[in-house]
1. What order, most packed first, do the peptides 249-257, 211-219 have when packing is the mean number of other Cβ atoms within 10 Å of each residue?
2. Contour minus end-to-end for ALA247 and SER29, with contour as 0.36 nm per residue of separation and end-to-end as the Cα-Cα distance?
3. Starting from 0.36 nm per residue, how many nanometres of slack lie between THR151 and ARG4 once their C-alpha separation is accounted for?
4. So which helices of the chain fit the span-like rule, where a helix is a whole DSSP H run, its Cα atoms reach 15 Å or more along the axis, and its mean Kyte-Doolittle is at least 0.5?
5. Could the peptides 275-283, 87-95 be put in order, highest first, of the mean number of other beta-carbon atoms found within 10 Å of their residues?
6. Could you please tell me the mean projected area of the C-alpha convex hull for the range 223-280, averaged over all directions and given in square nanometres to one decimal?
7. What's the extension gain from ALA271 to TYR336 if we count 0.36 nm per residue and subtract their Cα-Cα distance?
8. Let's see if you can work this out: charge +1 on each Lys and Arg Cβ, -1 on each Asp and Glu Cβ, no other charges. What is the dipole magnitude of the range 58-177 about its Cα centre, in debye to the nearest 20?
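Rule-based calculations on the coordinates, nothing more; no lab input. Because the structure is predicted, anything quoted here is derived from the model rather than measured. Positions of Cβ are generated from backbone atoms using ideal geometry, with glycine treated the same way; all protein chains shown enter the neighbour counts.
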Amino acid sequence: MSTRPSRISAEVDFERDGKQVGYLRLPHSSNISAYGWLGIPVAVVRNGRGPSVLCMAGNHGDEYEGQLALTKFIRAVEPAHIRGRLIILPAANLPAAMAGTRVSPIDDGNLNRRYPGDPDGPPTDMIAHYIASVLLPMCAAVVDLHSGGNTLHYLPSALTREEPDAARFARSMAALAAFGAPHAYVNPPGGESRTLLAVAQDLGLTVVGTELGGSGAVTPHTLAVAEYGLRAVLRHFEVLDPQVYPAEAGRPPSRILYVRGDQHFVYAPSAGLFEPCFTLGDEVEAGQLAGHVHQIDDPARAAQPVHFGGAGMVICRRAPAPVQRGDCIAHLAEDYDYRS
Ligand code: CA
């Protein structure tokens, strides 16, 4: 990570008790604003000693449950409801969130592929650097609320990432279970190292994320999973007062799943229209037909079959029917027998 300081300044004082809502000012000199700044919304709610937790959404701009849940939570939460400190970023990549796009329209930056960032880079890299070098080191845990975005759709799930440190992994698994989503899954270690959860894990934080729904939409159910889970995991971290935000009795435990590597992912082999023959939640076998790619401009040509490479449950599917070669059509997860 760059050792140069961030150029972003905070309107809020992270060390002050009480509730503050303001902006992270990101200097942005453009054709329409020579000396301007982008205001990335931030809230700090602090009440004495206790753990610090970063709650974040808008890492991808087209994933809305987390943005809504955190915006509503900022209005609802009071310092008396918590112990310690909550730092809330409801729209971390603000230009992407305002445009309703995965990546920033300003610099084409995919925030969740830019960590640990660059203080002198384009805006998305500056945001990544501020989060990784200023916010994460203040915190013991991070909650990063994602959904499927415009091109994917998930079974509402919490997620975390496997790591070699057994004690830290156990803390993340406990937070995953506490979130209380219908499904929860674990990503294998290694893999993508440029995500928020990857850099947070490198810093020793407890990490929990979500994939709540998608197709660029929000439903009452997916938003309810986000709002319940946010409160439940903050109770679990002993930041949120259970008297004010009580747990729901009798809520069923999450079904815990594990995503293996490539065998659990299905990609379009060619461009065309994809006709699926599965739905979210289906249990499939290795080699089972997933669907066909059709060439509507060449109707005499046989459709190209696509098969699942591994066995498991379909937890994610592509939303749009048109595909290009290499698009992820679906991914699977298998039951995970975790014992801490
Ligand atoms: Ca995402």
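1. 211-219, 249-257
2. The span from ALA247 to SER29 would gain 73.8 nm if fully extended.
3. 49.3 nm
4. Span-like helices, by this rule, are 166-179.
5. On the way: 275-283: 14.1, 87-95: 25.0.
Result, highest mean first: 87-95, 275-283.
6. Working: hull surface 28.9 nm².
For the Cα atoms of the range 223-280, the hull's average projected area reads 7.2 nm².
7. 20.0 nm is the gain from fully extending ALA271 to TYR336.
8. Its charge dipole is roughly 460 debye.
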